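Only one structure is covered here, and it is reproduced in the block below.
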Amino acid sequence: MTETRAASTEAPTTWVHGALALRPVALAFRVLSAVLIVAGIVRITGVLGPDPSWLAFTFYTVQSNVLCLIWMLVLVGATVRDVATRGPRGLSSPSAAWSAAIMMAITITMLVYLVVLVPTSFVQGSDYVPFSVTDNLIHIVTPCLLILDWLLFVPKGRLRTGDPVRWLAFPLVYLVFAFTYGGLGGEFSPGQRYPYPFLNVEAHGVGGVALWVAGLGVALAGVGYLYLWLDRALSRGSRRA
């Protein structure tokens, strides 16, 4: 009887399924994340200024940031609801699969920026200066926020073996959009019909662009499987704890 009473009065665990089960902490983090994501989008597009750059929304970077903002607002809403109806302890994640998919979509933004675009700008000696406040917000801060949200507040062990391949659907859809839009005469910036240098068919040819896309696809799928491995490792660690 003593053991039973002790067990019944034991404080609920803080970590559940490899995630931090404290909704007020999750809510504070998610509200701050939404504010920072909005700041990045506003700065890159100028939507609150007198001369907004609507063409900015044709870039994968901005589209993926908008996707992250929508998802973060969904998470904020779910967390507020759960705090009110279920209390401060527990997880508020509508879909672990969607959290991971959107995390991967914005991880692509960060990796392409750091591994491809920044080095290319240095090699080609362009006037573009990387790592500005705006660049850091949309290419680095937003991805890190989504990764941290997944690491801290999303239950682990819910992902499937084929998910990393399915996560490539969003960038593939963007490629279809980019080539269709550019092929129909659309411009991503004045006089430019491709969004990123490695997608410039005139410079690299169809074969060269195909190699870029295939190489990036394989590399990014590999990153996705690292996320899958981490998901399972954290899930196993949570079960042993």
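Applying the criterion of being surrounded by 20 or more Cβ atoms within 10 Å (Cβ to Cβ) and small (Gly, Ala, Ser) to the residues of segment 97-118, the residue that is nearest to the chain's Cα centre (by Cα) is Ala105.
Just one of the listed residues (Phe122, Phe131, Phe188, Phe179) is touching a helix residue (DSSP H, G or I) at 6+ places or on another chain (Cβ under 6 Å) and not aliphatic (A, V, I, L, M), and it is Phe188. Pairs are defined by a Cβ separation below 8 Å, a sequence spacing of at least 6 or placement on different chains, a first member in segment 70-96 that is in a loop (DSSP other than H, G, I, E, B), and a second member that is modelled with pLDDT under 95 and surrounded by fewer than 18 Cβ atoms within 10 Å (Cβ to Cβ); the pairs so defined are Gly90/Val16; Leu91/Val16; Leu91/His17.
Do any residues in segment 33-61 that are more than 22 Å from Leu145 (Cα to Cα) and part of a helix (DSSP H, G or I) have Cβ atoms under 8 Å from those of residues that are of a type in the set (Ser, Thr, Tyr) and at pLDDT 95 or above, where the two are at least six apart or on different chains, and which pairs are they? Hits for this filter: Trp54/Thr45; Thr58/Tyr181.
Within segment 129-154, the set of residues being at pLDDT below 95 and surrounded by 13 or more Cβ atoms within 10 Å (Cβ to Cβ) comprises Pro130 only. Here is the figure for segment 184-222: residues that are exposed (fewer than 11 other Cβ atoms within 10 Å of the Cβ) and touching a Lys or Arg at 6+ places or on another chain (Cβ under 8 Å) total 1. Counting only helices (runs of 4 or more DSSP H) wholly contained in segment 130-191, the ones carrying 1 or more residues that are under 17 Å from Tyr60 (Cβ atoms) occupy 133-136, 142-153, 169-183. For beta carbons closer than 9 Å, sequence separation of 6+ or different chains, a first residue in segment 184-203 that is basic (Lys, Arg) and a second that is surrounded by fewer than 17 Cβ atoms within 10 Å (Cβ to Cβ) and in a loop (DSSP other than H, G, I, E, B), the qualifying pairs are Arg193/Gly185; Arg193/Gly186; Arg193/Glu187. Close Cβ contacts (under 6 Å, 6 or more residues apart or on different chains) running from residues in segment 209-222 that are within 16 Å of Phe198 (Cα to Cα) to residues that are part of a helix (DSSP H, G or I) comprise Val209/Leu199; Val209/Val201; Trp212/Phe198; Leu220/Ile108.
From the list Leu216, Leu211, exactly one residue is over 21 Å from Thr58 (Cα atoms) and part of a helix (DSSP H, G or I). Which is it?
Details: Leu216 fails: over 21 Å from Thr58 (Cα atoms).
Testing whether each residue is over 21 Å from Thr58 (Cα atoms) and part of a helix (DSSP H, G or I) leaves just Leu211.
The values are calculated or read from the model by the stated rules, or taken from the named source; none is laboratory data. Computed from a predicted model, the values in this text were never measured in an experiment. Cβ atoms come from the backbone with ideal geometry, glycine included; neighbour counts cover every protein chain shown.
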